[in-house]
Amino acid sequence: LVGSEMCIRDRLYMDTEYYNSNEKDMKVVCITLQAFNGELQEKETYWLLDHDEWTQARSVLYAYACEDFVFCSYNVIAEARALQSAFDFNPMEFTWVDLMLEVKQWYNWNYRSTASTGEHYLKTPSGTYQKKVLLPPVRKWERIEPSAGTGYGKPQLGLESALFKFTGLIPKDGNKKQMINLILRGEPYTEEEKKSIIEYCESDVHLLHKMHKKLLLLFGGALKFGSNRTNRPKYWEGAYNRGEWSAMSAIIERNGYPVNEEALRNFSGSIVEILGDAQKDLLEKYPDVNPFTLNKDGITFKENQKNIKNWIAERHSLDEWMNTEKGSYSLSLDAFENYKGGTGFGADYREYKKLKQSLNGFSTDSKKATILDSMGSDSRVRYYANIYGSATGRSQPSSTSFIFLKSKWLRSMIQAPKGYAIIACDYVSEEFLIGAILSGDRIMTEAYKEGDPYLYLGKAAGVI
């Protein structure tokens, strides 16, 4: 099984190191390649800040492409952007396999998947890593407090976590963060730093093949490659299609979308004032609840969780309200979205939570990443697309850098430069049509042609 699976198309495993990812052309520092054509070849590394090595790397990559090698990387979007930036190659002219997407397919990234349970290597907020057993996913309000060494949540998709899950490798804790900081610092690099960056670039590439081999064994068992010969080519066709979408997304990400930089910066500098006005309004309107307390700076406010929970407890038992993992009243937006009261503090506080959520990612006073961190010198925002990020297979970018997911009134920040226009389009009932085509269901097709599948169902049921 291993031999037959690993011989489908020759492959080139690849990794690059770069900085300035918020610019159209990233500065690519080096690239490591490792070919597989029945057996794993020696690694080839090129320091792209040297013109001669850059020229050689371009020729080698072109030769592999001409020999119809499949380019394999972990997070193809980054590597495809690197090839565009460094060599002006069109990534759509290559065949790709994105190992991150294959990991996502295996985890399935939803509440029914068991592939994401068990021991994982998870990055902590401090930047270190720890081994932890993930429990079967359940909805937040159904969780019980986990014991030591266990936890809920989804597996992380960083390369370290994936390598641990599929090869058992535990990387040197802290080394990655140190090397990333060095690379992001930019040029010039000393000879010693150059050597460290090259070693870091080479360190993961040969492990990509090992991880890929394990993934193929897992998919081969699940899809019965041995007994069902038709599933094998279907799997590879799907893998190539996923890789193609990564390459397309690299082009989209590289282009970014234009914003009015002056308006965006002015707005970002006003977030604290906007939230402060909303908090003062609630304090004046509901002094009996007193939902906020003044911070030590005498200007900003923080949530008075005790007072808000007391307000909830006076009206609802724990069984009637969404709970935290520790069994307390939840103060999340989801909890207040489920609140049935149409007026009063609960309704107004819900609108405040919505406002606060819509402003996430804008405030320059926040210690977290903001949309400005994703904006280049050309006033274009280059967001992380997170393709196949949802359980349904959709792209799911973070709203921090993707204004299209924000409230409609915030989308005025998206402005085409002079002489250009922005055209937006949307598919109608896209998934429904795909389901009709793939299943060959004639009635589904008719429902789609009617223009509204929901209305069609109502008519068919005799309700409408």
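The values are calculated or read from the model by the stated rules, or taken from the named source; none is laboratory data. As the structure is a computational prediction, the values presented were derived from the model and not from experiment. Positions of Cβ are generated from backbone atoms using ideal geometry, with glycine treated the same way; all protein chains shown enter the neighbour counts. Please note that ligands, DNA and RNA were not included when accessible areas were found on the heavy atoms of the full protein model with its side chains. Shrake-Rupley method; radii C 1.70, N 1.55, O 1.52, S 1.80 Å.
Axis angle, to the nearest 10 degrees, between helix 271-285 and the longest C-alpha principal axis of the chain: 30 degrees.
Remark: spin-label model distance residue 150-residue 340 equals 3.4 nm, labels positioned 7 Å along the Cα→Cβ axis. The angle between the Cα long axis of helix 51-66 and the longest principal axis of the Cα atoms of the chain comes to about 90 degrees, rounded to the nearest 10. Solvent-accessible surface (1.4 Å probe) assigned to residue 394 amounts to roughly 130 Å².
Surface composition of region 273-377: carbon and sulfur atoms hold 45% of the protein heavy-atom accessible area at a 1.4 Å probe. Dividing the summed helix terms, -39500 (n - 2.57) for each DSSP H run of n ≥ 4, by the number of residues in the chain produces a 222 nm estimate of -13000 deg cm²/dmol to the nearest 500. Multiplying the residue separation of residue 52 and residue 420 by 0.36 nm and removing their Cα-Cα distance gives an extension gain of 128.6 nm.
In µm²/s, what is D for region 108-196 at 37 °C and 0.692 mPa s, where D = kT/(6 pi eta Rh) by Stokes-Einstein and Rh is the Kirkwood radius from Cα pairs?
Values: Rh = 15.1 Å.
Rounded, D is 217 µm²/s.
Sparse packing (at most 15 other Cβ atoms within 10 Å of the Cβ) combined with a DSSP loop state is found for the following trypsin sites (Lys or Arg not before Pro) in region 147-181: 172. A simple spin-label model places pseudo-atoms 7 Å from Cα toward Cβ; at residue 10 and residue 62 they are separated by 1.8 nm. By DSSP, the beta bridges lying fully in the chain are antiparallel in about 75 percent of cases.
In this simple spin-label model, placing a label point 7 Å from the Cα along the Cα-to-Cβ direction at both residue 228 and residue 430 gives a separation of 2.7 nm.
Distance check, please: which entries in 140/214; 195/368; 340/449; 177/406; 132/326; 309/353 exceed 26 angstrom between their Cα atoms?
On the way: 140/214 32 Å; 195/368 32 Å; 340/449 37 Å; 177/406 31 Å; 132/326 19 Å; 309/353 15 Å.
Going by Cα-Cα distance, 140/214; 195/368; 340/449; 177/406 fall outside the 26 Å limit.
Of the GluC sites (Glu not before Pro) in region 258-349, which ones lie in a loop per DSSP and count no more than 10 other C-beta atoms within 10 Å?
Values: sites: 261, 262, 273, 284, 303, 314, 320, 325, 337; in loops: 314, 325.
Answer in residue order: 314.
Between the C-alpha center of region 312-326 and that of region 365-428 there is a gap of 36 Å. Between amide H atoms placed 1.01 Å from N, distances below 5 Å from residue 70 occur with 10, 11, 12, all of them 5 or more places distant or on a separate chain.
With a 1.4 Å probe and every protein chain kept in, tell me what percent of the accessible surface of region 53-116 is carbon plus sulfur.
The nonpolar share, carbon plus sulfur, comes to 45 percent.
On a per residue basis, region 111-237 carries 57 Å² of accessible surface, using protein heavy atoms and a 1.4 Å probe. Under the combined filter of DSSP loop state and at most 16 neighbouring Cβ atoms within 10 Å, region 156-217 retains none of its GluC sites (Glu not before Pro). Taking the C-alpha atoms only, the angle from helix 430-439 to the longest principal axis of the chain is near 50 degrees.
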